[in-house]
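Everything below concerns the one structure shown next.
The values are calculated or read from the model by the stated rules, or taken from the named source; none is laboratory data. Given the structure is predicted, the values throughout are model-derived calculations rather than measurements. Cβ sites come from the backbone with ideal geometry, for glycine too, and all protein chains shown count toward neighbours. SASA here: full protein model, heavy atoms, side chains in, ligands and nucleic acids out. Shrake-Rupley method; radii C 1.70, N 1.55, O 1.52, S 1.80 Å.
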Amino acid sequence: MTERPRVALVVREPWARLIVDGSKRWELRGCRCLKHIGKRVAIARAGSGTLVGEVTIAECLDVTDTWQLPENDSYHRVVDHQQITYQRVYAWVLEDASAYIEPKVYARQKGSITWVTLLPESGAR
């Protein structure tokens, strides 16, 4: 049995579903993700209080040059590039995505926005 991830990345829909089904392989963010490279993380559906799957963060690429975004639409799945308003754009490269059969309720500390440290009872309910 594999160990459950200790952290979750909070992602809005439809992106959370696309990540766990493996069709969104880059998560675009305005900061690097060095702390989590090579680690398995859960995907938390924003506003739902549930975990919907897991993914491994393989690497972090600086894709600030706007020419790189249209060229890689099939990876990040953002069609309207004007929605990307970060000064610097980083692609968190995602691998080995897997969706949970049923979403899992999780417990978290208050105030978490992007990263959620999962409390021991998370996913057990």
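Screening the stretch 16-74 for residues that are part of a loop (DSSP other than H, G, I, E, B), out of contact with any helix residue (DSSP H, G or I) (no Cβ under 9 Å at 6 or more places or on another chain) and hydrophobic (A, V, I, L, M, F, W, C) and picking the one that is nearest to TYR90 (Cα to Cα) gives CYS31. For the stretch 45-54, the criterion of being open to solvent by 90 Å² or more (accessible area, probe 1.4 Å) and within 19 Å of VAL7 (Cα to Cα) is met by at least one residue.
Of everything in the stretch 56-107 that's among the aromatic types (Phe, Trp, Tyr) and touching a residue at least 60 places away in the same chain (Cβ under 8 Å), which residue is surrounded by the fewest Cβ atoms within 10 Å (Cβ to Cβ)? Give the derivation first.
From the stretch 56-107, those among the aromatic types (Phe, Trp, Tyr) are 67, 75, 86, 90, 92, 100, 106; that's our starting set.
Narrowing further to those that are touching a residue at least 60 places away in the same chain (Cβ under 8 Å): 90, 92, 100, 106.
Values: TYR90: 20, TRP92: 23, TYR100: 15, TYR106: 21.
In this case the residue turns out to be TYR100.
GLU27 - would you say it is out of contact with any Lys or Arg (no Cβ under 9 Å at 6 or more places or on another chain) and under 14 Å from VAL11 (Cα atoms)?
It is true that GLU27 is out of contact with any Lys or Arg (no Cβ under 9 Å at 6 or more places or on another chain) and under 14 Å from VAL11 (Cα atoms).
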